[in-house]
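The values are calculated or read from the model by the stated rules, or taken from the named source; none is laboratory data. Quick caveat: nothing in here was measured; it's all calculated off a predicted structure. Ideal geometry is used to build each Cβ from the backbone, glycine not excepted, and the neighbour counts take in all protein chains shown. Just so you know, the surface numbers come from the protein's heavy atoms only, side chains and all, with ligands and any DNA or RNA stripped out. Shrake-Rupley method; radii C 1.70, N 1.55, O 1.52, S 1.80 Å.
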Amino acid sequence: MYQSPRRLCSALLQRDASGLRRLPTPGLRRQSPPPAAAPRPASPRLLAAASAASGAAWSCSRTVSSMGNGTTRLYSALAKTLNSSAASPHPEYLVSPDAEHLEPIDPKELLEECRAVLHTRPPRFQRDFVDLRTDCPSSHPPIRVMQWNILAQALGEGKDNFVQCPVEALKWEERKCLILEEILAYQPDILCLQEVDHYFDTFQPLLSRLGYQGTFFPKPWSPCLDVEHNNGPDGCALFFLQNRFKLVNSANIRLTAMTLKTNQVAIAQTLECKESSRQFCIAVTHLKARPGWERFRSAQGCDLLQNLQNITHGAKVPLIVCGDFNAEPTEEVYKHFASSSLNLSSAYKLLSADGQSEPPYTTWKIRTSGECRHTLDYIWYSKHALRVTSALDLLTEEQIGPNRLPSFNYPSDHLSLVCDFSFSEEEPDGRL
């Protein structure tokens, strides 16, 4: 039975709440966080139907249960895709369905509904883009890329022990709206995400109706599966706007370290710009976490670089690599990327006074083990073929606040990074 775009968009929040209270002025939210006992805001229409649209496939592949160390049926199916090759084409069921047959939704209306759900929370942090252009603008619009570890819901509620973050701030029915609000506010052409454990019931259904094509690749042994009432494994997701790019090829990469297959993955896709016919490769990854694993991360990084070397034909195809590397700039894996024959540079260094220093932090949290402030997230790019025309500034310490991240007004313990890219030189045939 046909459903209007409004109804089709709306089922997502019916899973979490049961009504709607609209704001008189949707763009504003009250300044104070909700008390612990306050009822949650109810669910708008648009945010509901994505789960209905994907419900048949989702219900067939997922069972809700206490997981312990077990697996969901969804994860069992996805795990079968992890074959012996390090890089291989994506299986069909890891690629989103054809968005041409899905009803589009209005991003402004979706943003309004997210804000309606969030009306009892503090306003979203104000962040500004820094203009980094040094020459004449390109004849083609820039390519906006967002990198973000969005914090897996199962880990946020069940494993990460954010001792200064109220439990209410982590509830999925509102936290997902904060994530969507951030994406809608910056309108990336390409979206690279880590720790995605709500791909099939939230991000793929909604973002596909906003014009994105998405791909998801889960970790083989996701720690989310150890959390009771989890939503399946977390992994990397890559989305791009179909009206701007054509997919040329796609590969999933299960990273190796010292010839051993690991629990970390990457997605690499070659895209062609529809405006200029120029091609580039975009990759997303999430390397091994925790101190003591520096050599392991270094080996994973070397494996990823070798795969990207092959995919880009020895850097002939321009490259952008987004990821949570779980590594400070002093680590070997960072140095491997900085000195690679792929001729890569880290985009966020351009925000520093000397153009050579990384930001002081991209994640800031307080756990039972203490306060952690680190620079772990990066956007690497081919400096010979691409230029950064602007970058989104980071939150200040004052904005983040004494309880750090996540919080009532920021949904993840990692900050999003957003850059605008243009090709370095324009050629008559529009190609490198």
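Sort out which residues of segment 288-338 are assigned to a loop (DSSP other than H, G, I, E, B), among the polar types (S, T, N, Q) and either within 26 Å of Phe423 (Cα to Cα) or open to solvent by less than 20 Å² (accessible area, probe 1.4 Å) (or both), and write them in order of number. Please lay out each step first, then the result.
In the first step, residues of segment 288-338 are kept if they are assigned to a loop (DSSP other than H, G, I, E, B); the result is 288-293, 312-318, 325-331.
Next, only the ones that are among the polar types (S, T, N, Q) stay: 312, 326, 330.
Listed by number, the list holds a single entry, Thr312.
Just for segment 158-184: of the residues that are touching a Cys at 6+ places or on another chain (Cβ under 7 Å) and surrounded by 24 or more Cβ atoms within 10 Å (Cβ to Cβ), which one is farthest from Arg127 (Cα to Cα)?
Filtering segment 158-184 for residues that are touching a Cys at 6+ places or on another chain (Cβ under 7 Å) and surrounded by 24 or more Cβ atoms within 10 Å (Cβ to Cβ), the one farthest from Arg127 (Cα to Cα) comes out as Cys177.
Please state which of the following conditions Tyr212 fails to meet, knowing it meets all the rest: (1) crowded, with 23+ Cβ neighbours inside 10 Å; (2) in contact with an Asp or Glu (Cβ under 7 Å, 6 or more places away or on another chain).
(2)
Filter segment 378-401 down to the residues that are part of a loop (DSSP other than H, G, I, E, B), without any contact (Cβ under 8 Å) to a residue 60 or more places away in the chain and open to solvent by 20 Å² or more (accessible area, probe 1.4 Å) and list them by number.
Of all residues in segment 378-401, those part of a loop (DSSP other than H, G, I, E, B) come to 383-385, 393-396, 401.
Subset that is without any contact (Cβ under 8 Å) to a residue 60 or more places away in the chain: 383, 396, 401.
Lys383, Thr396, listed by residue number.
Conditions tested, residue by residue: (1) within 23 Å of Gly214 (Cα to Cα); (2) open to solvent by less than 10 Å² (accessible area, probe 1.4 Å); (3) out of contact with any helix residue (DSSP H, G or I) (no Cβ under 9 Å at 6 or more places or on another chain).
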| site | (1), (2), (3) |
| --- | --- |
| Pro233 | yes, yes, no |
| Cys236 | yes, yes, yes |
| Asn243 | yes, no, yes |
| Leu247 | yes, no, yes |
| Arg254 | yes, no, yes |
| Lys261 | no, no, yes |
| Ser277 | yes, no, yes |
| Val284 | yes, yes, yes |
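Within segment 361-377, is there a residue that is open to solvent by less than 10 Å² (accessible area, probe 1.4 Å) and more than 27 Å from Leu304 (Cα to Cα)?
no
Given the condition surrounded by fewer than 24 Cβ atoms within 10 Å (Cβ to Cβ), at pLDDT 95 or above and acidic (Asp, Glu), answer yes or no: does some residue in segment 185-192 qualify?
Looking for residues that are surrounded by fewer than 24 Cβ atoms within 10 Å (Cβ to Cβ), at pLDDT 95 or above and acidic (Asp, Glu), one finds at least one in segment 185-192, hence yes.
Regarding segment 352-360, can at least one residue be identified that is outside any loop (DSSP other than H, G, I, E, B) and surrounded by fewer than 23 Cβ atoms within 10 Å (Cβ to Cβ)?
no
At pLDDT 95 or above, within 24 Å of Tyr381 (Cβ to Cβ), surrounded by fewer than 18 Cβ atoms within 10 Å (Cβ to Cβ) and among the hydrophobic types (A, V, I, L, M, F, W, C): is that true of Leu271 in this structure?
Criteria not met by Leu271.
For a quick check of your reading of the model, give me the residue pairs whose first member lies in segment 275-295 and is under 29 Å from Pro223 (Cβ atoms), whose second is outside any strand (DSSP E or B) and at pLDDT below 95, with beta-carbon atoms closer than 9 Å and at least 6 apart or on different chains.
If the second residue must be outside any strand (DSSP E or B) and at pLDDT below 95, the pairs left are Arg295/Met258.
What do you reckon, is Glu397 in contact with a helix residue (DSSP H, G or I) (Cβ under 8 Å, 6 or more places away or on another chain) and within 27 Å of Asn161 (Cα to Cα)? I'd like the intermediate steps shown before the answer.
Numbers: in contact with a helix residue (DSSP H, G or I) (Cβ under 8 Å, 6 or more places away or on another chain): no; within 27 Å of Asn161 (Cα to Cα): yes.
In short, no.
Scan segment 91-132 residue by residue and report those that are modelled with pLDDT under 70, out of contact with any strand residue (DSSP E or B) (no Cβ under 7 Å at 6 or more places or on another chain) and within 13 Å of Ser208 (Cβ to Cβ).
Our first condition is that a residue be modelled with pLDDT under 70; within segment 91-132, this holds for 91-101.
Imposing the further condition that a residue be out of contact with any strand residue (DSSP E or B) (no Cβ under 7 Å at 6 or more places or on another chain) reduces the set to 91-93, 97-98, 100-101.
Across segment 91-132, the qualifying residues are Pro97, Asp98, Glu100, His101.
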